[in-house]
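Here's the structure we're looking at; comments come further down.
The values are calculated or read from the model by the stated rules, or taken from the named source; none is laboratory data. Bear in mind the structure is a predicted one, so any value in this text is a computation, not a measurement. As a convention, Cβ positions derive from the backbone with ideal geometry for all residues, glycine included, and neighbour counts pool all protein chains shown. Side chains are part of the model used for accessible areas, which takes the heavy atoms of the whole protein and leaves out ligands, DNA and RNA. Shrake-Rupley method; radii C 1.70, N 1.55, O 1.52, S 1.80 Å.
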Amino acid sequence: MTRHSSRSTRYPQKAFTLLALAASLGLATAVTAGSLADSAPLMSVTDGLLDPSRPDDLGLERAPGTETATIFRPGPDDDRFAHGVVLMPFKGRLYAQWQSSVKDEDGADTHVVFAHSDDALEWSAPQPLAATMDAGIRTSGGWWTDGETLVAYINQWPDQADGPVQGVTMFRSSTDGEDWTELAPVTDHQGNAVAGVFEQDPRALPGGRILSAFHEQPGLLVAPWYTDDPLGTSGWTRSKIQRLDHDDPTISREIEPSWFLRPDGAVVMIFRDQAGTFRKLASVSTDNGETWSTPALTTVPDSRTKQSAGNLPDGTVFLAGNPVENKARFPLALLLSDDGQVFDRAWLLRAGGDDMQPLRYEGKYKRPSYSYPKSVVWGDHLYVAYATNKEDVEFTRVPLEALGD
């Protein structure tokens, strides 16, 4: 979801023993709006873990075995704008999806492309996934798979002369990653097209329920949604949540969320805060995503951008993003926590300064950055994908064994 800027990823989860214990003790009940917001912050970072006096790297080091690779690097005759990179493993290949345009963010030619790789190092050329619209644009909505079918979500934004920016979510699917169905709308539990654009981070709870969020009409008003449809293309149901007040009625204060599981069985959804606090917002559900606490301000720094959260196979919680209290989208870092509340370990993924290649082509909203990271576990690595300077499609991967205690 990117269009707010121009107008103002799933991996298999292991069932955790503590989650089953929480359910058996009757903890899967709704969290009331004030039950958590008035206590200690839902999430915090250990004092001294991040050093803001070192803006290029926050004083962090890379985990052993960390590698960065380029999926697509445009030349002067290629599309030179890329954004919203999302990865998905499918039948032994790794797929990458992103939105693409010749020069500008959300330019009239914006469309969605994908590439694939057998080893994550050698990539195919970008291939069209959703063409440019006659009136409007299409942006990347992420992936889903049940193992047999790969689903590509496409956010479709009709050209509107006035009124708030808003769109709908479409999808295409494939059983071989080459031949795709025609675009069709993602539908709710009543069979109606969902009136909103999809966040790029659908993942499954241990019981199989798929959880993500839509930015709903009118405008971009975020809410968690869930479905029990294994393909993630129908049956979506809106969760109950009371959003925070915001001075712009066309966009919620909470946008662009991601989520993780705590070992006590709670689901925590984190948000970018449009109020400019440069801290993450967080909301909690203890009933498999059906109801959520009112989002509360955490003490975790955030550059007011999209982030990625999740769990490693051993249950460790991670946050990938730009943990700085300003608009700089660097460095790119990985925060880790055992309990999902105190993040006491961190690794550098990409630094500013000499580690960042120069911006080569000018374009609207382009600047030095590692933008909109999204993550996935494939094999024995955690992959974090992003667009460097909104033009180079890249990822950084870290061996899972390097992320242990």
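Pairs only if they're at least six apart or on different chains, beta carbon under 8 angstrom, first in the stretch 114-128 and open to solvent by 30 Å² or more (accessible area, probe 1.4 Å), second in a loop (DSSP other than H, G, I, E, B); list them, first residue then second.
Every condition considered, the pairs that remain are H116/W123; H116/S124; H116/G177; D118/G92; P126/D79.
I'd like to know if the stretch 253-275 contains one or more residues that are over 19 Å from the mean Cα position of the chain (by Cα), open to solvent by 10 Å² or more (accessible area, probe 1.4 Å) and within 27 Å of H83 (Cα to Cα).
Yes - at least one qualifying residue is present in the stretch 253-275.
Could you list all residues from the stretch 363-401 that are of a type in the set (F, W, Y), out of contact with any helix residue (DSSP H, G or I) (no Cβ under 9 Å at 6 or more places or on another chain) and open to solvent by 10 Å² or more (accessible area, probe 1.4 Å)?
Hit for the stretch 363-401 is W378, nothing else.
Listed here are the residues, each with its yes/no results for (1) aliphatic (A, V, I, L, M); (2) in a strand (DSSP E or B).
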{"site": "D77", "(1), (2)": "no, no"}
{"site": "H83", "(1), (2)": "no, yes"}
{"site": "V86", "(1), (2)": "yes, yes"}
{"site": "P89", "(1), (2)": "no, yes"}
{"site": "Q99", "(1), (2)": "no, yes"}
{"site": "K103", "(1), (2)": "no, no"}
{"site": "F114", "(1), (2)": "no, yes"}
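Going through the stretch 238-249 one residue at a time, which ones are under 29 Å from R172 (Cβ atoms) and open to solvent by 50 Å² or more (accessible area, probe 1.4 Å)?
Correct list: R238 only.
Right, S371: within 15 Å of the chain's Cα centre (by Cα), of a type in the set (S, T, Y) and part of a loop (DSSP other than H, G, I, E, B) or not?
Spelling it out, it is not the case that S371 is within 15 Å of the chain's Cα centre (by Cα), of a type in the set (S, T, Y) and part of a loop (DSSP other than H, G, I, E, B).
Can you name every residue in the stretch 357-399 that is in contact with a strand residue (DSSP E or B) (Cβ under 7 Å, 6 or more places away or on another chain) and of a type in the set (G, A, S)?
Across the stretch 357-399, the qualifying residues are G363, S369, S371, S375, A385, A387.
Just to check your reading of the model, which residue among G310, G219, G235 is closer than 23 Å to G196 by Cα and open to solvent by less than 10 Å² (accessible area, probe 1.4 Å)?
Among G310, G219, G235, only G219 is closer than 23 Å to G196 by Cα and open to solvent by less than 10 Å² (accessible area, probe 1.4 Å).
Could you tell me whether any residue of the stretch 131-146 is closer than 18 Å to P74 by Cα and surrounded by fewer than 21 Cβ atoms within 10 Å (Cβ to Cβ)?
The answer is no; no qualifying residue exists.
Out of all the residues in the stretch 170-184, is one or more open to solvent by 50 Å² or more (accessible area, probe 1.4 Å) and touching a Leu at 6+ places or on another chain (Cβ under 9 Å)?
In the first step, residues of the stretch 170-184 are kept if they are open to solvent by 50 Å² or more (accessible area, probe 1.4 Å); the result is 175-176, 178-179, 181-183.
Checking the rest, the ones that are also touching a Leu at 6+ places or on another chain (Cβ under 9 Å) come to 175-176.
Yes; the residues of the stretch 170-184 include at least one that is open to solvent by 50 Å² or more (accessible area, probe 1.4 Å) and touching a Leu at 6+ places or on another chain (Cβ under 9 Å).
Can you go through V113, V86 and tell me which one is over 26 Å from P399 (Cα atoms), modelled with pLDDT of 95 or more and among the hydrophobic types (A, V, I, L, M, F, W, C)?
Selected residue: V113, the only one of V113, V86 that is over 26 Å from P399 (Cα atoms), modelled with pLDDT of 95 or more and among the hydrophobic types (A, V, I, L, M, F, W, C).
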